[in-house]
Amino acid sequence: MYVLSWFRHKPILIFGLGLLFSCYSQATESTLTALTDDYQALYRASQQEPEVTQQRITHQLEQVNSPLDKAQLLYLQAQLQTVLVYPHQALQTIEQALQLFSAGQQPWLYHMLQLTKATALDLAGTPADGMPITESAIEWAKHNQHQALYIHGLVVRGILQLSLVNYVAAMQDLLQAYRLAPAEDFMLSKGHIAGYIALVYEYRREDELAIPYFEESVEFHQSQGNIVEVSIAQYGLGKAQINLGNHQQGIDLLNASMQLAAEAGDDQGVAYAQKELASIHIQRQDFEEAKAMLQSALQTFSKADNQYMLLDIHRSLAVIALQQSELDLAEQHITKAFTYGDAEHMPIQHAHIQQLQAEWKAASNHPAEAYRLYRQASQRLSELNNQRSTHLLHQLRAQYELDTNAFENQLLQKELELQQTIINSQTEHQRMLIGWLAGLVIGIALLLFLISYVLLQRKKLQQLANFDGLTQLPNRRHTLGLLKQQLQLSQRHHYPLTVAMLDLDYFKQLNDGFGHAVGDRVLQKFARLCQEHTRSTDVVGRIGGEEFLVILPHTNAEDAKQVLEAIRSHTPQIGTTLELNDYRTTVSIGYTSYTGFDSAETMLVSADQALYHSKAEGRNRLSTAQDFAS
């Protein structure tokens, strides 16, 4: 699942930034502003051998007596524990270190430990808890003009914002850190932060924009000989290439990442690559190879208590079990996945597991319960998608209002300048008249420009609010509004009305196997296919990820069946056109005609039930609610 792979990238990059500020300032005997020389050398050793360095730190902790020395060692240990993705151990280590001194005695070290704590909280699945201590560290760095700590704080806040799905805020923090960081520096450079910027684009499924930053990160860490960091950047680059359809190139990068992780003793790095490669084997139905990789990764993630990846592993194993009709084993993996993905902290993952549970219920001959679970999960995913769309719309509206206010301020400023010109030119009547006329022309031009700009922005907002950006079809809210209008007209004028719900079959497998870029092209071509087989007076809308609604006014059930059958029979041509050799594009359709429904919602439920009947009967077919009811 897309969100889970993010945790493969976090720890090393934070480690690379968290320890690297010693080049900016030197420690004094009383108050540290950087690690002392001995511990800087220990950090450098950790770049190639993190596990060996962990053993050295454990040994030195038994030898030192100075609280300050012990605190620095514990800080290094906590950083390495985040590198190896042991967040709970890191949190315990940080608490031990904080017991050795107060914030007033060692403010720099205190805030560095707090930023490490924020990173561990993020890895543990509670990024919101890390935000207050991160803000405090940033404020301290700004007040004390400690640029290195300030950059570190920006990076940590950026990844917390990304985990909280605040993409714009995350990108603002990371780009600011990227601008402030030096271009070439072993301890801290743009190459460290480039990997994070790539992840923001990857998280937003903008893989083409992510690739240059991943490549910058790979090149930088190769030049420094940091094999673990190279492994992580190659992992992200491989996933991006697969998402863009460059499968063999992506597989080669994942294998290279896995080999480097093994050389560095990064067991979880190996496991992450195994998980991604297993997904490709599942797509190719090479289930035995996929299970072997997943079981190996499961052992590693269980040892590390990596709950995010344990959820994903059990979900993948459940998919294989369902494909092989091993229903008891599938139930065990689904139950395990639920224990790691609760609805509050991971709502998207929880809904996807519910959909998988619905498939298991259907395979176990419990169609009613399967329908309830599938509908509940689909509604939850739709709500989450609408929340993200609403958040983006609010951002666009806020930007629009800021732009409008800026133009109004410019206009006001021009008017003030014009008045000042008139006052200063009273003794020279001719010059005053010329200046006034010139100012008037400028003011009118600005006013006309402002009016046209406002109208254009209003039109853009209406387009964003009512239409889907990918397919250019009416979105769910607008489509349901059009359905209510057509139902009212049908009731008033007594003409037939047919409504159909269309759902592309196995679309998630298409996304997992060929990447979201290919999935988007399939959605665009299917939207165009629906429009080609309907009239200009009909309505075709996108109401979910791969779910569409077709409204056919003045059309009875028999005529509607011909239209919908034409759409269904032409859908496989999409896969042929896009050369999806291992995937056949098909669509399941459920439709209903107006027979006294009291609302658009009940008519939609009737079509939805017919759609479910089509899926239960094997997909790639039409079902009518009237026939299903009879």
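The values are calculated or read from the model by the stated rules, or taken from the named source; none is laboratory data. Since this is a predicted model, take the numbers as computed values, not measurements. No Cβ is skipped: glycine too gets one built from the backbone with ideal geometry, and neighbour counts run over all protein chains shown. All accessible areas refer to the heavy atoms of the entire protein, side chains included, with ligands and DNA or RNA removed. Shrake-Rupley method; radii C 1.70, N 1.55, O 1.52, S 1.80 Å.
What to note about this one:
- Note on the range 178-281: semi-axes of the ellipsoid equivalent to its C-alpha gyration tensor, largest first and rounded to whole Å, are 22, 17, 10.
- When Rg and Dmax are taken over the Cα atoms of the chain, they come to 29.5, 97 Å.
- Using the 1.4 Å probe convention, the accessible area of the chain works out to 46 Å² per residue with neighbouring protein chains retained.
- Charge tally around Ile589: other residues with Cβ under 14 Å, Lys/Arg +1 each, Asp/Glu -1 each, net -3.
- Across the range 171-178, rounded Karplus estimates of 3J(HN,Hα) from the backbone phi angles (6.51 cos²θ - 1.76 cosθ + 1.60, θ = phi - 60°) give 5, 4, 5, 5, 5, 5, 4, 4 Hz, Gly and Pro being marked x.
- Per-residue Karplus couplings for the range 161-168, computed as 6.51 cos²θ - 1.76 cosθ + 1.60 with θ equal to phi - 60°, are listed in order as 4, 5, 5, 8, 6, 9, 4, 5 Hz, Gly and Pro entered as x.
- Under the Debye formula (equal points on every Cα, no solvent term), log10 I(q)/I(0) of the range 568-630 at q = 0.14 Å⁻¹: -0.48
- Per residue, the convex hull volume that the Cα atoms of the range 305-348 enclose (Å³): 63
- Amide H partners (placed H, <5 Å) of Phe467, local residues excluded: Asn475
- Carbon + sulfur, % of accessible area of the range 261-316 - ligands and nucleic acids excluded, 1.4 Å: 42
- Protein-only accessible surface order, largest first, of Lys239, Lys70 at 1.4 Å: Lys70, Lys239
- The trypsin sites (Lys or Arg not before Pro) of the range 586-630 that meet both conditions, a loop assignment by DSSP and at most 15 other Cβ atoms within 10 Å of the site Cβ, are Arg619.
- Under-5 Å amide H pairs with Ser623, H placed in peptide plane, nonlocal only: Ile589, Gly590, Tyr591
- Net length available on complete extension from Gln147 to Arg56 is 29.7 nm, with 0.36 nm assigned per residue and the Cα-Cα distance removed.
- Filtered trypsin sites (Lys or Arg not before Pro), the range 541-586: DSSP coil and at most 16 other beta carbons within 10 Å: Arg584
- Neighbourhood charge, 12 Å Cβ-Cβ cut-off, centred on Leu327 and excluding it, Lys, Arg +1 and Asp, Glu -1: -3
- Straight-line cross-link partners of Lys361 among the aspartates and glutamates, defined as a Cα under 19 Å from its Cα and at least 8 positions apart when in the same chain: Glu326, Asp328, Glu331, Glu369, Asp505, Asp608, Glu617.
- Per atom type, the range 138-182 shows carbon and sulfur on 50% of its accessible surface, probed at 1.4 Å.
- 3J(HN,Hα) couplings calculated from phi for the range 479-486 with the Karplus curve 6.51 cos²θ - 1.76 cosθ + 1.60 (θ = phi - 60°) are, in sequence order, 4, 5, x, 5, 5, 4, 4, 5 Hz; Gly and Pro show x.
- Inter-probe distance in nm under a simple model that places probes 7 Å from Cα toward Cβ, at Gln472 and Thr335: 5.2
- Accessible surface of the range 47-102, 1.4 Å probe, proportion on carbon and sulfur as whole %: 45
- Length gained on full extension, Ala183 to Ala45: 47.4 nm, using 0.36 nm per residue less the C-alpha separation.
- Filter on Lys275/Lys303; Lys561/Lys615; Lys190/Lys508; Lys70/Lys190 - keep pairs with C-alpha separation over 27 Å: Lys190/Lys508; Lys70/Lys190
- Once the C-beta distance of Leu437 and Leu461 is scaled by a Förster radius of 41 Å, the resulting FRET efficiency is 0.70 to the nearest 0.05.
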